[in-house]
Amino acid sequence: MRVKLKGLTTTRKRLADGSIKRYYYAWRGGPQITEKFGTPEFVDAFNRAVSARIAAPVDVLRSLCDAFIDSSDFMALAAATQYDYRRHIKIIDAEFGDFPIAALTDPRSRGEFLAWRDRRSLKSRRQADYGFAVLARILSWAVDRGLAPLNPCKAGGVTYRAKRMSSVWTDQDEAAFYAKAPAHLHLVLRLALWTGQRQGDLLTLTWAQYDGDYIRLTQGKSVRRGDTDNATRVVIPVAKPLREALDAERARRATMSGLHRADARHILLTSRGKPWTRDGFKTSWGRACADVGIAGLTFHDLRGTVVTRLALAGASPPEIATLTGHSLRDVNDILDRHYLNRDVRMAKAAVGKLESSAKKARTNQRKPTTRAEKRPDDG
């Protein structure tokens, strides 16, 4: 007998081994149903979750979280951002789910939320700040729609200050990765170091976006559903080392058999010839870096590494921003606070320019400047 469970939501996820697993939720953004699908236990768990939701009060913070997840603002977020938001919303719900909405006007509520963030920061400052930012976003959204009287988390500041001055991939790191990491990850690193693009955009890159001279893409993080005007489009000239790697991979693919046509569209594939999933790539990349002995560096650091290398090569901030898709402010921020670390090569270049300028000034002082100085009057 078939039973229709209204509101039941299912998602599919490709695991690291390439298999597909289904996850079931009582409703979009609701609790996961862990019992085996199709069993009476599954139906009972679904009904319990729905009953608890119906009984939940609407004058507490949990109702704002639920409303936000159902909103178009949440749906406009990138899939990866939605995943992160759901994770933090569960933490917020566990701590403040029954917090009265009316109490948001109490000046002490801000202190409660800040104290929660500070407690979490003892374990991870970045995660504490992220959770606080998600809470502030939900409350701001609720205030704009008349669902909450005040946002006490507005302008809460941060506890974490990035100090990534040494988090740049060196030439030695790059060489070690090529020497020891699995071959199917080599093109990933080369693409990252010669384009400066985000992980998500590289994993979804297709051969149609590469014409032999340029890579054209629209950065996924800037895309909003139905709002293509905010998308950041970049055209990346392909340097010789990257072009050789891409052309070699395309030639290799032409000799492969059994590769599904839809999968073959993607430039980057797993060792099984399948497109990468976010979690699958994260696991494989982390394992490869650990095996190589690269510690304290993330894939995102490759993006900052490209900005740094371009600056050291003499590229201006506007030139860098045109290639990587950063804003000018972000480029300057990366160079100033995160990655450049006042590199000694930049200092040497500055001193060299100063010496050249001083030498030129001394030469100009010795040169005759007037016709009279060139031909003095003997009389």
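Things worth noting here:
- Test: residue in segment 89-111 that is open to solvent by 20 Å² or more (accessible area, probe 1.4 Å) and closer than 25 Å to LEU302 by Cβ: no
- ASP17 being at pLDDT below 80 and either at positive phi or outside any strand (DSSP E or B) (or both): yes
- Pair list, Cβ under 6 Å, 6 or more apart: segment 292-314 residue touching a residue at least 12 places away in the same chain (Cβ under 8 Å) and closer than 20 Å to LEU185 by Cβ, other residue part of a helix (DSSP H, G or I) and open to solvent by less than 10 Å² (accessible area, probe 1.4 Å): VAL292/PHE177; LEU302/ALA192
- ALA321 vs. criteria more than 18 Å from the chain's Cα centre (by Cα), hydrophobic (A, V, I, L, M, F, W, C) and crowded, with 18+ Cβ neighbours inside 10 Å: no
- Listed by position, the helices (runs of 4 or more DSSP H) contained in segment 283-334 that have at least 2 residues being among the hydrophobic types (A, V, I, L, M, F, W, C) and touching a Ser or Thr at 6+ places or on another chain (Cβ under 7 Å) are 300-312.
- Qualifying positions in segment 126-157 - charged (D, E, K, R) and either in contact with a strand residue (DSSP E or B) (Cβ under 9 Å, 6 or more places away or on another chain) or closer than 15 Å to ILE91 by Cβ (or both): ARG126, ASP129, ARG137
- Within segment 219-247, the set of residues being at pLDDT 75 or above, open to solvent by less than 60 Å² (accessible area, probe 1.4 Å) and either in a helix (DSSP H, G or I) or farther than 22 Å from HIS184 by Cα (or both) comprises GLN219, GLY220, THR232, VAL234, ILE236, PRO241, LEU242, ALA245, LEU246.
- Residue list for segment 1-52, restricted to those being among the charged types (D, E, K, R) and either open to solvent by less than 40 Å² (accessible area, probe 1.4 Å) or closer than 30 Å to ALA288 by Cβ (or both): ARG12, LYS13, ARG14, ASP17, LYS21, ARG22
- Hits in segment 107-149 - residues which are closer than 15 Å to SER71 by Cβ and more than 25 Å from the chain's Cα centre (by Cα): ALA142, VAL143, ASP144, ARG145, GLY146, LEU147, ALA148
- Where ALA78 falls short, out of the listed (1) within 27 Å of LEU203 (Cα to Cα); (2) open to solvent by 40 Å² or more (accessible area, probe 1.4 Å): (2)
- Annotation note: Cβ proximity below 6 Å between a residue of segment 167-189 that is within 23 Å of ALA248 (Cα to Cα) and a residue that is surrounded by fewer than 16 Cβ atoms within 10 Å (Cβ to Cβ) and among the small types (Gly, Ala, Ser) (sequence gap 6+ or interchain) occurs for HIS184/SER271.
- Positions within segment 131-172 being in contact with an Asp or Glu (Cβ under 7 Å, 6 or more places away or on another chain) and either of a type in the set (Val, Ile, Thr) or modelled with pLDDT of 90 or more (or both), in sequence order: TRP141, VAL158, THR159, VAL168, TRP169
The values are calculated or read from the model by the stated rules, or taken from the named source; none is laboratory data. The shown structure was predicted, so the numbers you read here are calculated from the model rather than taken from an experiment. In this analysis, Cβ positions are derived from the backbone assuming ideal geometry, glycine residues included, and neighbour counts consider all displayed protein chains. The accessibility values were calculated without ligands, DNA or RNA, using every heavy atom of the protein model including side chains. Shrake-Rupley method; radii C 1.70, N 1.55, O 1.52, S 1.80 Å.
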